[in-house]
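The values are calculated or read from the model by the stated rules, or taken from the named source; none is laboratory data. Just so you know, these numbers come straight off a predicted model, no measurement behind them. Neighbour counts are summed over all protein chains in view; Cβ atoms, including those assigned to glycine, are modelled from backbone coordinates with ideal geometry.
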């Protein structure tokens, strides 16, 4: 019987002809925001990843969670390296510098430096101290000792002032691997005492030639995905591990020397070179709809902001929306224009918090935190769609 059935099915299949369908309705429309990207700096996906900066620990940022250190920097030629907090730091945001005595130093970057002959690299550094002469900057192979690229920077550093110097170079050939270092050398004859360095930076070409921009290869890979949305600035990294640390968007604006960085929640310090403006340019470059996640008063260690203390953080979210969407006549819209972006960025979706049902935050999220953000945002931006975080299954709705 089974054989007859199989033969019958085969016969029917062989005899089947074309079938024509008349579709009377197109059915449900698919939302354009069904497919996209969520980003947060985890496993060095930001610093050392999509953010194109090649120098790791470029500004010796730190705090009590991740103290400032000299990791990734090494003395050469008998030099002595140490951390210093000078009476006149580079900035309030970057109070710690690297002091060099009698010699030179190098850095291994983020697991080495990629060297490409068709890339022009742009570098800079700040120096403080008395020195007249050349600082030679070069990309050198750790395997062969070959120098792939170099620049000689004419420095006239006077006393206790900070001066920034810029340089460019282009390698003469590709390196076979990334086992290369960035080396800074100077003649001892020109040094009149200890020298202090800060914000030592090196960028390869970036996507769309953005200053302080993103890596070309990773951006092209994401562009190939054709993502329609971009959730920013992350999940746990938005919340922070403990007070007073959370992702404070205001501290990610402006020149790099004014960004103190942040103790990320995934085991390392974040530079915040990839800040709010850079996120918006990322979304713009790939044609993605930004979904802005705002901090809602919960830290990962379970600390939550009391209702009586929450209003300043609600106001902070409103300031963020004004910065992104406001007219240049508004205080924060004016600040955006000062940074070179007079045109507002459209924000249609705002998410309140991240996984706020976890870290012992669910009850306060339901009781007052969500409502305070929701009503304040809706009152000023009625057309914005508000997204709530996941809540416990037995809660039927948010008040």
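Below are the figures for this structure:
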| item | result |
| --- | --- |
| Residue within region 279-286 that is more than 17 Å from the chain's Cα centre (by Cα), in a loop (DSSP other than H, G, I, E, B) and more than 15 Å from residue 373 (Cβ to Cβ) present | no |
| Residue within region 363-378 that is assigned to a loop (DSSP other than H, G, I, E, B), in contact with a helix residue (DSSP H, G or I) (Cβ under 8 Å, 6 or more places away or on another chain) and assigned by TED's automatic domain parsing to the domain that holds residue 236 present | no |
| Selection within region 231-265 - assigned to a loop (DSSP other than H, G, I, E, B) and in contact with a helix residue (DSSP H, G or I) (Cβ under 7 Å, 6 or more places away or on another chain) | 233, 246, 247, 253, 259, 260, 264, 265 |
| Count of residues meeting criterion [in a loop (DSSP other than H, G, I, E, B) and either surrounded by fewer than 17 Cβ atoms within 10 Å (Cβ to Cβ) or not assigned by TED's automatic domain parsing to the domain that holds residue 320 (or both)] in region 337-354 | 6 |
| Pair list, Cβ under 8 Å, 6 or more apart: region 210-221 residue under 14 Å from residue 37 (Cα atoms), other residue assigned to a loop (DSSP other than H, G, I, E, B) | 218/49; 218/50; 219/50; 219/286 |
| Boolean, residue 323 is more than 20 Å from the chain's Cα centre (by Cα), in the same structural domain as residue 230 (by TED's automatic domain parsing) and surrounded by 17 or more Cβ atoms within 10 Å (Cβ to Cβ) | no |
| Extreme residue, farthest from residue 111 (Cα to Cα), among residues of region 169-197 that are at pLDDT below 95 and in a strand (DSSP E or B) | 191 |
| Number of positions in region 257-285 that are surrounded by fewer than 21 Cβ atoms within 10 Å (Cβ to Cβ) and without any contact (Cβ under 8 Å) to a residue 24 or more places away in the chain | 1 |
| In region 29-69, residue surrounded by the most Cβ atoms within 10 Å (Cβ to Cβ) [restricted to those that are without any contact (Cβ under 8 Å) to a residue 24 or more places away in the chain and over 27 Å from residue 286 (Cα atoms)] | 69 |
| Filter pass, residue 117 being surrounded by fewer than 18 Cβ atoms within 10 Å (Cβ to Cβ) and in contact with a helix residue (DSSP H, G or I) (Cβ under 7 Å, 6 or more places away or on another chain) | no |
| Tally of residues being over 18 Å from residue 319 (Cβ atoms) and touching a strand residue (DSSP E or B) at 6+ places or on another chain (Cβ under 8 Å) across region 286-296 | 4 |
| Those residues of region 222-256 which are over 24 Å from residue 349 (Cβ atoms) and in contact (Cβ under 8 Å) with a residue 40 or more places away in the chain, in sequence order | 241, 242, 243, 245, 254, 256 |
| Test: residue in region 102-117 that is over 20 Å from the mean Cα position of the chain (by Cα) and within 24 Å of residue 242 (Cα to Cα) | no |
